[in-house]
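To start, the structure under review is shown below, and the notes come after it.
The values are calculated or read from the model by the stated rules, or taken from the named source; none is laboratory data. Computed from a predicted structure; not experimentally measured. Please note: Cβ atoms are built from the backbone with ideal geometry, for glycine as well, and neighbour counts cover all protein chains shown.
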Amino acid sequence: MPRFFIAAAHKSSGKTVISTGLASALSATRDLRTFKKGPDYIDPMWLSAASGHPCYNLDFNTMSAEEILALFTSRDQGDLSLIEANKGLYDGVALDGSDSNAALAKLLKAPVILVIDTNGMTRGIAPLLLGYQAFDPDITIAGVILNKVGGIRHEAKLRAAVETYSDIPVIGSVWRNAELEIGERHLGLTTPAESGEFGRLIHRVGDIVGGSVDLDQLQKIANQAPELPVSPVSTAPKGKPLKIGIARDTAFGFYYADDLEALQAAGAELVFFNTLTDSNLPEIDGLFIGGGFPETQMAALEANASLRADIKSAIEAGLPTYAECGGLMYLCETLSWHGETRQMVGAVKGNAVMNERPQGRGYTRMKSRGGFWEQGREVQAHEFHYARVDNLPADTKFAYEVQRGHGIDGKNDGVLSHNMLAGFCHLRHSEATPWAHRFVEFVRERTK
């Protein structure tokens, strides 16, 4: 299918706002599908809301190149696909660039559109673009979008420099505009659910960006992408149908779309509930509470005492439960932030405390100790949390030994209790770590 790759020269160039605007504008006339490079949760929420379809993460840390191709080609079923980079085009963890945005663009054979933050820049844009072209000749930089342009004179100088010194077409110029400033917070951009009338906001961003970029020229560039080989998609083991409860609201929303699909493929019916308004758990066989921002909703979470009590009772009665990051914080006895402490569920015998600086950030590597549905092996994961957990009992059992990263205490992650596993690191369902299938099977075993 036609596709293009939105990248930038560096982080915070505004590419997510541009990508969201393009997704909104293009979806008005096309069946657009979206993808995000890396482990991020928030940007895919915006892209999904703008396109009307799930956004899928493509991540070299947790997926092989073959898995990335298989996921992409199996979900690349619309009229056009947009892939958004993380950070700059050539940025990645590996020095050789094997996990960079450029490597993903090459793997997907996708033409690259560079979003350049032009604040304070005029003629200097030319050597920047020439350097990006020369650094890897196998990358097709097919167009540039000038972003944060100061006005008509600024735009004229930028266009003249690009056209005089390079062969890269300028396909758009987005001027500085307060309406394009989506608020940021400690984990990145705010989520659509927290931004108020996000439908209206996304539509407005689409109008501005769509009116500033030549969408027909962008489509022509995307049409030049060559065909990709279609890779087979692995199937899930089948078994007795069951129900998995999933917390999804303004406090919890960090879920990978294909992880949820993997749960369904293994035979689970997903039953979503709201931790802020539902007084009891729905009728379920297992529970999954993902990450999010429970600290911003902790007063409402505390106020819903009946649900907290129901969750604690269910876990202590043996309900198979998995919780990540914000979910772990919610399951603790208390949550503290900005000098305020609120009561939480109490299934984890510790106290979650928010900090001013990140406690764990980036890719992690853990060795599984084989707790519950996990098996003894190396696990590639990701963490980004400002919280820590204090006062855990000395005899706390953990599912993982942390080999890279921080986890709960720098050495361990994944509190084990009853049939509950709760940790800071985010797992990604993959061939190497098929956690969703194993969790469903664990739930089946406990419901026999």
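A few remarks follow.
- Count of residues meeting criterion [surrounded by 14 or more Cβ atoms within 10 Å (Cβ to Cβ) and outside any helix (DSSP H, G or I)] in segment 302-319: 2
- Which listed residue is of a type in the set (Gly, Ala, Ser) and farther than 20 Å from Thr16 by Cβ, from Gly143, Gly151, Gly92: Gly151
- Pairs with Cβ under 7 Å, 6+ apart, first in segment 307-322 and under 17 Å from Leu416 (Cβ atoms), second among the hydroxyl-bearing types (Ser, Thr, Tyr): Ile315/Thr321
Let's see how each residue does on (1) part of a loop (DSSP other than H, G, I, E, B); (2) out of contact with any helix residue (DSSP H, G or I) (no Cβ under 9 Å at 6 or more places or on another chain); (3) among the small types (Gly, Ala, Ser); (4) not assigned by TED's automatic domain parsing to the domain that holds Cys332:
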residue	(1), (2), (3), (4)
Asn351	no, yes, no, no
Arg357	yes, yes, no, no
Thr364	no, yes, no, no
Lys367	no, yes, no, no
Gly370	yes, yes, yes, no
Glu374	yes, no, no, no
Glu383	no, yes, no, no
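Yes/no matrix, rows are residues, columns are (1) polar (S, T, N, Q); (2) out of contact with any His (no Cβ under 9 Å at 6 or more places or on another chain):
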position: Ala266; (1), (2): no, no
position: Gly286; (1), (2): no, yes
position: Ala305; (1), (2): no, yes
position: Pro358; (1), (2): no, no
position: Thr364; (1), (2): yes, no
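- Among the residues of segment 257-298, those that are crowded, with 24+ Cβ neighbours inside 10 Å and either more than 20 Å from the chain's Cα centre (by Cα) or free of Cβ contacts under 8 Å to residues at least 40 places away in the same chain (or both) comprise Ala266, Ala268, Thr275, Gly286, Leu287, Met298.
- Residue check, Asp59 assigned by TED's automatic domain parsing to the domain that holds Asp99, under 12 Å from the mean Cα position of the chain (by Cα) and at pLDDT below 95: no
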